[in-house]
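Trainee: Submitted below is the structure of interest, expressed as structure tokens.
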Amino acid sequence: MKIRYRLALLFSVIVASIVLIFSFITYVLYADYRNDEFYKRLKHKAQTTARLLADVKEVDKDLLRIIDQNTINELYKEKVIIYDKDNDLIYSSIDDEVISIDKQLLDKVRTNKYIEYVEKENEVIGLFYRENGANYVVFVSAFDKYGKRKMENLMYFLSLSSLISILITVAAGIFFSGRAIDPIIEINKQVSILTVDNLSSRVKTHGSRDEIDQLAQNFNQMLDRIEHSIKVQKSFINNASHELRTPLAVINSQLDVALSKNRENVDYVIILQSLQEDARKMTNLVNTMLVLAKSEEQQHTILNDFIRLDELILSVQDELISLYPNYTVDFSYVSMPESDSYMTVKGNELLLRSAFMNLMENACKFSNSHLVKVRINSDHDNLVVHIYDNGIGIPEEDVSRIFDPFYRADNGRQIRGFGIGLSICKRAIDLHDGKISVKSQLNAGSTFTLVFKHV
Ligand code: ADP
């Protein structure tokens with residue numbers, strides 16, 4: 001069942017229950033009141049009649065009957081009968097219709113002094129009356145025609161008003177729950193037309209800051225992120241295939257040139273070294289991309305190494321220098337770490353190695369001195385690494401984009417590269433809950449700062 005109808009039903013059931021309980025209580029209380037009231041009247045009638053019979057000597061039965069009959073409109077179908085102490089019937093207001101009274105009942109009245117009961121549709125009271133030597137048992141019976149009719153009317157009004165209130169509640173429930181659900185239906189409609197190729201449209205928000213508007217806003221923010229990551233993914237795949245094709249073409253043409261004629265040994269060595277460098281870069285790139293792809297699915301299983309960052313940097317330094325003997329790495333601690341754990345982060349060694357390799361290689365690659373300075377520092381909470389160079393710097397307008405895949409600043413285009421290293425580096429640092437930032441001045445140098453939480 002739709003939420004709209006479920007809400008309306010729930011709302012109606014609650015209100016209907018309240019209305020019915022209220023009507024029921026009103027009816028029961030009124031019935032009780034009528035009962036009391038009527039028995040009081042019967043009792044009063046019994047007392048008056050008995051008193052007349054006992055006190056006023058001149059009143060005989062016939063006169064009493066006349067008095068009774070003249071006040072008969074007081075009580076409908078009224079019957080009064082009186083027995084004396086010997087159980088003899090001494091008075092009956094109507095001769096032909098006598099209430100059936102047996103001896104047991106008379107004794108019961110004498111013992112209890114007063115009883116009430118119902119006979120057929122009539123209410124009856126029995127009263128033991130003793131005064132001035134008189135000793136009577138009086139029965140008065142009557143039908144509460146007006147009271148019962150009032151009860152019927154009350155029942156009718158309560159039923160009708162309950163029914164009308166329930167109908168109004170159902171209608172109001174459907175209307176208001178519809179109004180409450182409408183924005184969700186609207187969101188649903190808009191969401192259902194979204195596809196991967198049509199992620200640019202957004203759910204309308206009204207700025208009302210209610211829960212539904214917040215849902216729409218959160219949904220839009222989620223769409224922003226999805227759209228961004230799909231864009232990145234698409235351009236990544238486009239660019240990655242394109243960029244991988246370029247070095248492969250270079251490798252092929254180098255091989256063609258090399259094989260086109262017989263060469264000196266030293267030429268072969270130069271060509272093979274160049275091929276080796278391209279192959280190594282491509283291997284690194286492909287390996288890192290594979291780890292990153294895996295990290296999307298298995299974040300928890302790939303981030304389980306405990307890595308001493310200072311040792312990792314020293315090992316990257318060795319690797320870098322063995323590949324490029326003309327590069328220099330100047331590594332030092334800002335202050336000595338208090339304990340091993342201050343230098344240790346939890347994560348994936350291959351990812352961090354490739355991140356540091358890329359940053360340190362860039363620093364050397366984009367500076368004439370081919371010198372990179374690495375400073376490591378840690379305090380109670382964080383482990384901070386600064387990577388400085390005095391190179392060409394990054395133009396201000398490019399700083400915010402260098403972490404985008406395949407983005408290369410104009411001033412470094414003549415230097416070899418794929419433009420993918422920093423985006424992979426950023427992704428790797430993000431996966432480690434770290435932060436990377438850059439400050440740069442054109443033709444003066446750049447500083448990359450990495451902040452991690454140590455273990
Ligand atoms: P690549 O180095 O292969 O071009 P990266 O993703 O590592 O790719 O870097 C992206 C771009 O950022 C570089 O092309 C360059 O323009 C700029 N860049 C990165 N590091 C530095 C640096 N230390 N000095 C100057 N520019 C840099």
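The values are calculated or read from the model by the stated rules, or taken from the named source; none is laboratory data. This structure is a prediction, so every number in the text was calculated from the model and none was measured. Cβ: placed from backbone, ideal geometry, glycine included. Neighbour counts: every protein chain shown. Note: areas computed on protein heavy atoms with side chains; ligands, DNA, RNA excluded. Shrake-Rupley method; radii C 1.70, N 1.55, O 1.52, S 1.80 Å.
Trainee: Does segment 302-322 include one or more residues that are touching a helix residue (DSSP H, G or I) at 6+ places or on another chain (Cβ under 8 Å), under 20 Å from Ile420 (Cβ atoms) and within 14 Å of the ligand (Cβ to nearest atom)?
Mentor: Checking segment 302-322: at least one residue is touching a helix residue (DSSP H, G or I) at 6+ places or on another chain (Cβ under 8 Å), under 20 Å from Ile420 (Cβ atoms) and within 14 Å of the ligand (Cβ to nearest atom).
Trainee: Another question, then. Considering Ile125, Ile181, Ile187, Ile174, which residue is touching a strand residue (DSSP E or B) at 6+ places or on another chain (Cβ under 8 Å), in contact (Cβ under 8 Å) with a residue 12 or more places away in the chain and either buried (at least 18 other Cβ atoms within 10 Å of the Cβ) or under 30 Å from Phe219 (Cβ atoms) (or both)?
Mentor: From the options Ile125, Ile181, Ile187, Ile174, the qualifying one is Ile125.
Trainee: For segment 384-395, how many residues are more than 19 Å from Tyr327 (Cα to Cα) and in contact with a Ser or Thr (Cβ under 8 Å, 6 or more places away or on another chain)?
Mentor: Total meeting the criteria: 3.
Trainee: Take Leu223 and tell me if it is hydrophobic (A, V, I, L, M, F, W, C), assigned to a helix (DSSP H, G or I) and over 23 Å from Ile185 (Cα atoms).
Mentor: Considered against the rule, which asks whether it is hydrophobic (A, V, I, L, M, F, W, C), assigned to a helix (DSSP H, G or I) and over 23 Å from Ile185 (Cα atoms), Leu223 comes out as no.
Trainee: Take the conditions farther than 23 Å from Asn304 by Cβ and away from the ligand (no atom under 15 Å from the Cβ) and apply them to Asp389. Does it pass?
Mentor: When the stated conditions are applied, Asp389 does not pass them.
Trainee: Filter segment 374-397 for residues that are free of Cβ contacts under 8 Å to residues at least 40 places away in the same chain and under 42 Å from the mean Cα position of the chain (by Cα) and give the result.
Mentor: Matches in segment 374-397: Asp379, His380.
Trainee: Turning to a different aspect of this structure: Kindly indicate the residue of segment 411-454 that is within 8 Å of the ligand (Cβ to nearest atom) and in a helix (DSSP H, G or I) and also farthest from Asn358 (Cα to Cα) among those meeting that condition.
Mentor: Here the answer is Asn411.
Trainee: Got at least one residue in segment 356-370 being outside any loop (DSSP other than H, G, I, E, B), farther than 14 Å from Ile429 by Cα and open to solvent by 60 Å² or more (accessible area, probe 1.4 Å)?
Mentor: no
Trainee: Would it be correct to say that Glu311 is assigned to a helix (DSSP H, G or I) and surrounded by fewer than 16 Cβ atoms within 10 Å (Cβ to Cβ)?
Mentor: yes
Residues are listed down the side, and each one gets a yes or a no for (1) within 26 Å of Lys365 (Cβ to Cβ); (2) among the aliphatic types (A, V, I, L, M); (3) touching a residue at least 40 places away in the same chain (Cβ under 8 Å):
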site: Val250; (1), (2), (3): yes, yes, no
site: Lys261; (1), (2), (3): no, no, no
site: Val269; (1), (2), (3): yes, yes, no
site: Asp278; (1), (2), (3): yes, no, no
site: Leu303; (1), (2), (3): no, yes, yes
site: Ser322; (1), (2), (3): yes, no, no
site: Thr328; (1), (2), (3): yes, no, yes
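Trainee: Test Arg408 against the stated conditions and say whether it is in the same structural domain as Ala444 (by TED's automatic domain parsing) and either more than 12 Å from the ligand (Cβ to nearest atom) or part of a strand (DSSP E or B) (or both).
Mentor: No; evaluated as a whole, the condition is false for this residue.
Trainee: Something else about it: Can you tell me which condition Gly393 does not meet? The list is (1) within 20 Å of Ala428 (Cα to Cα); (2) outside any helix (DSSP H, G or I), and all the others hold.
Mentor: For Gly393, the failing item is (1).
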